Amino acid sequence: MKPINATDKVQRPAWREPMVWLVVGGPAAVVVAAITTGFIAWRGADEVVTDPVALQTKAPQALQPALTARNHAAAPR
């Protein structure tokens with residue numbers, strides 16, 4: 001057996017080194033996740049209503065039970 005010298009090592013390309021993927025892969029995954037989150041937030045943004053009258057008259061269907069309960073607690077039948 002011959003000893004291993006620094007000159008005997010074969011230089012691999014940088015993309016074949018596992019440590020490069022750990023150093024670059026983490027931040028790259030975060031950037032992709034941030035862009036995806038931003039896209040989802042941009043496409044699924046709720047409509048902005050600035051008119052208070054329109055806001056009261058356009059009560060979403062999901063809030064109807066809450067509004068009924070509130071009204072019933074304020075003035076029971």
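Remark: the VAL32-ARG12 segment gains 4.4 nm on full extension, using 0.36 nm per residue and subtracting the alpha carbon distance. Placing R0 at 25 angstrom, the Cβ-Cβ distance between LEU22 and ASP46 gives a FRET efficiency of 0.05 after rounding to 0.05.
Here, each number is a calculation from the coordinates, and none is a lab measurement. What you see is a predicted model, and the numbers here were worked out from it, not measured in a lab. Reconstructed Cβ throughout: ideal geometry from the backbone, glycine too, with neighbour counts over all protein chains shown.
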